[in-house]
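Undergrad: Pasting a structure here, questions to come.
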């Protein structure tokens, strides 16, 4: 497969031929940065783990050069950090037994520029090569500009697919802004009760981030446990971990829907829920 940048790579942990490795994909995650996949898409990774008929493929869109750094990485240049983060992402693909791990190596500024077609073209090529049943990406309420940029480019690419080529579902997942604020009926709940050891392992390979000053491992596992406990106020916990997503399938299937209006409707339902509860108690 050809991408716009010759520095992009496709890593296949079990060394299957590229076409075969990609075509077996059932669950595809397109994320902005190295470690975003393991934070937001742990449930599909676990669902596919050790399964012969389900395969997870990860796509990291950006180059990872701008990450914070500390400790042994404090004096690393941006180019050196890029190499470290690529290596860490390959390790995660091995731990999670991914079908494939693609790294597009695109600078964040290009992702955030809606006039640039290259990211959309690359994502479209991946979608056509993998033909996944479910696509996971960032949600549109994320507070990280690059995450939202990736989500918008993914939506653009999905809309270019013919109806027959489209996945069954598109889920926007939580990284930089949790989705516990959504009304319960809007939440896509992803059970993470199983393989807690694997979840820790997937997050733990990103040493440059953890030692570098960001405890994404503890924060992500803590959020999953908190989601499970606080999901239902009048009942016992039904799971040991939950991640939330928002169903964005309609944005793929109906090109007339504006993404800003789409996410605004979620926020309006949240506002209405809060207001109605206050009115009932007043």
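The values are calculated or read from the model by the stated rules, or taken from the named source; none is laboratory data. Bear in mind that the values here come from a model prediction, so they are computed numbers and not experimental data. Here the Cβ positions follow ideal geometry from the backbone for every residue, glycine too, while neighbour counts run over all protein chains shown.
Undergrad: So which residues in segment 156-169 are surrounded by fewer than 24 Cβ atoms within 10 Å (Cβ to Cβ) and in contact with a strand residue (DSSP E or B) (Cβ under 8 Å, 6 or more places away or on another chain)?
TA: If we filter segment 156-169 for residues that are surrounded by fewer than 24 Cβ atoms within 10 Å (Cβ to Cβ), which is where we start, we get 156-157, 159-169.
The answer is 167, 168, 169.
Undergrad: Could you tell me which residue of segment 245-259 is nearest to residue 171 (Cα to Cα), considering only residues that are touching a residue at least 24 places away in the same chain (Cβ under 8 Å) and assigned to a helix (DSSP H, G or I)? Let's see the steps before the verdict.
TA: Just the residues of segment 245-259 that are touching a residue at least 24 places away in the same chain (Cβ under 8 Å), to begin with: 245-249, 251-253, 255, 259.
Within this subset, residues satisfying the condition of being assigned to a helix (DSSP H, G or I) are 249, 251-253, 259.
Details: 249: 7, 251: 11, 252: 11, 253: 13, 259: 14 Å.
By that ranking, first place goes to 249.
Undergrad: Still on this model: Condition check: under 18 Å from residue 204 (Cα atoms) and crowded, with 24+ Cβ neighbours inside 10 Å. Does residue 41 satisfy that? I'd like the intermediate steps shown before the answer.
TA: Numbers: under 18 Å from residue 204 (Cα atoms): yes; crowded, with 24+ Cβ neighbours inside 10 Å: yes.
So residue 41 passes the test.
Undergrad: Looking only at segment 179-212, which residues are touching a strand residue (DSSP E or B) at 6+ places or on another chain (Cβ under 7 Å) and surrounded by fewer than 16 Cβ atoms within 10 Å (Cβ to Cβ)?
TA: First pass over segment 179-212, keeping only residues touching a strand residue (DSSP E or B) at 6+ places or on another chain (Cβ under 7 Å): 179-180, 182, 186-192.
Correct list: 180 only.
Matching residues to (1) crowded, with 20+ Cβ neighbours inside 10 Å; (2) at pLDDT 95 or above; (3) farther than 27 Å from residue 178 by Cα:
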site: 80; (1), (2), (3): no, no, yes
site: 91; (1), (2), (3): no, yes, no
site: 102; (1), (2), (3): yes, yes, no
site: 112; (1), (2), (3): no, yes, no
site: 121; (1), (2), (3): no, yes, yes
site: 146; (1), (2), (3): yes, yes, no
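Undergrad: Listed residues 137, 146; which is touching a residue at least 40 places away in the same chain (Cβ under 8 Å), assigned to a helix (DSSP H, G or I) and on the phi < 0 side of the Ramachandran plot? Before you say what the answer is, go through the steps one by one.
TA: Working: 137 fails: assigned to a helix (DSSP H, G or I).
Step by step, each of 137, 146 is checked, and only 146 is touching a residue at least 40 places away in the same chain (Cβ under 8 Å), assigned to a helix (DSSP H, G or I) and on the phi < 0 side of the Ramachandran plot.
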